[in-house]
Amino acid sequence: MSQAYMDAVEIREYQGRFELAKRHVLEPESGEVRVRVIASGLCSTDLHLLEGRWDLGVLPRIPGHEIAGVVDQVGAGSTPSLKEKRVTVCLDVTCGGCMHCRTGQAHRCPYKERIGFERDGGHAEYVVVPERNLVELPDSVGFEDASILPDAVACMYHSLIGQGHLGISDTVVIHGAGGLGIHGVQIAKYAGADVAATSRNPRRLASVAEYGALPINTRKQDPVVTVQQAFGKEGADLVADCIGTRESILQSLAMIRPGGKVLVIAYISEEFGVNSIDLMAKEKELIGCRGSTLHDLEQVVRLVGHEAVRPVIGARFGLSEINEAADLLRRGEVPGRIVLTR
Ligand SMILES: [Zn+2]
Ligand SMILES: [Zn+2]
C-alpha cells in the first residue's frame, strides 16, 4: 500500500464548483487494477456533470473519464504482469453479455457504468478500473497525449469511421473545431479527405489550418455558402456536428449533398426541428454518435503511435487548479484539449 489517502476532485453538489478532497486509496478487487494517474483530460462533459445534466447517483463523485498512467496494483485474480504497464483506459465498464456487447458495440450496453460518471473517475491520484478496460501504450506515446485519447480522439474516430463510414477522399466538414473537432480534422485528413472546419475563435481556426483544413470563421462567413464554394453546390459528403445546437444541426443538414450524412456528436439543444421533405427527398442521413469502443481506443493508440494523429493539448494545469482550467474551457478559446497533470 503506497499511501492511505489521495488527492481527488469531487462533485459534491450540482451547480457548485469542483472541490478538492482527500479520499481513501482503494484496493483493486479480482479482475481489477489500480492505475496511478499521471494525466487526465478535462472534457466539456465534466462541466455538464457539474451542472447536473445527468444524475450521477450518490454524490460526491470523482469525475474524469480521460485517463493515462501506470498500473501500480493488481487485484487478486487479476493478471499479475499488468503491474507497471503504461496504460490508457476505456471509459465504459460494460456487462460483456448483452447483444450489444456480444456484437462489438459495447458502448451501447444498457448495463454499462462509465468511469467518471456512475463510477469514480480519474481526476485523482489513483483510480481502480477493470483490467479489460486497459489499453497498453507504446513507448512513443506520452502520458499527456495518451490521456485525451479515450474521448477527445477515440470518439471522433468512432464517429467518422464507425458511424460515418468515412470513405477515402470524401469531402468532410468538422462543424465546431474544439477539443474533439481538431482530432476529427486529423483523422479525416489521414483518410485523404478534403476537410473544412468551423470555429468562431481565431486560435482554433489557426490550429485547423495548421492541420490542413480549410478554416471557416463563422463570425464572418456563412458556413453553408462557404462549404458550397469549397466542395461544390450540392455540398459535402459528411458533416461532423461537434456543436450540437439547433442552429448548427440545421446548418449541417444544409451543408451535405443528397445522400450525405450528418454525425450528431454534441448535445446542447435538447430538440431541433428538421425539414422532413428535405431529409426524405434528398435521402440525407442524421446519425447519432456516442463515445467509442475499446477497439476504437486501440486503433487510436496505434494511429498516435504512428504519428498519423497528434493529440492537441492547448493548456496544462495541476489537479488542484481544476476550477481555473474549467473557466478556461468555458471560454472556448483553447485549441484542443486541456490536460490536468499530477
Ligand atoms: Zn468527454
Ligand atoms: Zn452489455
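Summary table
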| quantity | calculated |
| --- | --- |
| Per-bin percent of Cα-Cα distances, the stretch 1-46 [5 Å] | 5, 15, 21, 23, 19, 12, 4, 0 |
| Inverse mean reciprocal Cα-Cα distance (Kirkwood Rh) of the chain, Å | 20.4 |
| Ala230-Glu113 FRET efficiency (beta carbon distance; Förster radius 30 Å; 0.05 resolution) | 0.10 |
| Highest-fluctuation residue, Leu26, Leu253, Leu42 considered, GNM on the chain with Cα pairs under 10 Å | Leu26 |
| Residue of Ser81, Ser292, Ser169 that the Gaussian network model of the chain assigns the largest fluctuation, springs spanning Cα pairs under 10 Å | Ser81 |
| Degrees between helix 181-190 axis and first principal axis of the chain (Cα, 0 to 90, nearest 10) | 70 |
| Base-10 log of normalised Debye intensity for the stretch 302-342 (one unit scatterer per alpha-carbon) at q = 0.18, 0.22, 0.30, 0.31 Å⁻¹ | -0.56, -0.71, -0.95, -0.99 |
| Point-to-point label distance, Tyr190-Trp54, nm (Cα→Cβ direction, 7 Å offset) | 2.5 |
| Estimated distance in nm for a label pair at Glu13 and Lys220, the labels positioned 7 Å out from Cα along Cα-to-Cβ | 4.6 |
| The stretch 70-125: translational diffusion in µm²/s, Stokes-Einstein, Kirkwood Rh over Cα pairs, 4 °C, 1.567 mPa s | 100 |
| Degrees, to the nearest 10: 322-331 long Cα axis against longest axis of the chain | 0 |
| Kirkwood Rh and Cα Rg combined as Rg/Rh, the stretch 233-342 | 1.07 |
| Mean separation of Cα contacts under 8 Å (6+ apart) over length of the chain, as relative contact order % | 18 |
| Straight-distance crosslink candidates among aspartates and glutamates, where the alpha carbon sits under 12 Å from Lys22 and sequence neighbours closer than 8 are dropped | Asp7, Glu10, Glu125 |
| GNM top mover of Phe18, Phe231, Phe272 - the chain, alpha-carbon springs below 10 Å | Phe272 |
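Read-outs: derived from the displayed coordinates by stated rules, not from any lab. As the structure is a prediction and not an experimental result, all values here were calculated from the model. Quick reminder, even Gly has a Cβ in these numbers, built from the backbone with ideal geometry, and neighbours come from all protein chains shown.
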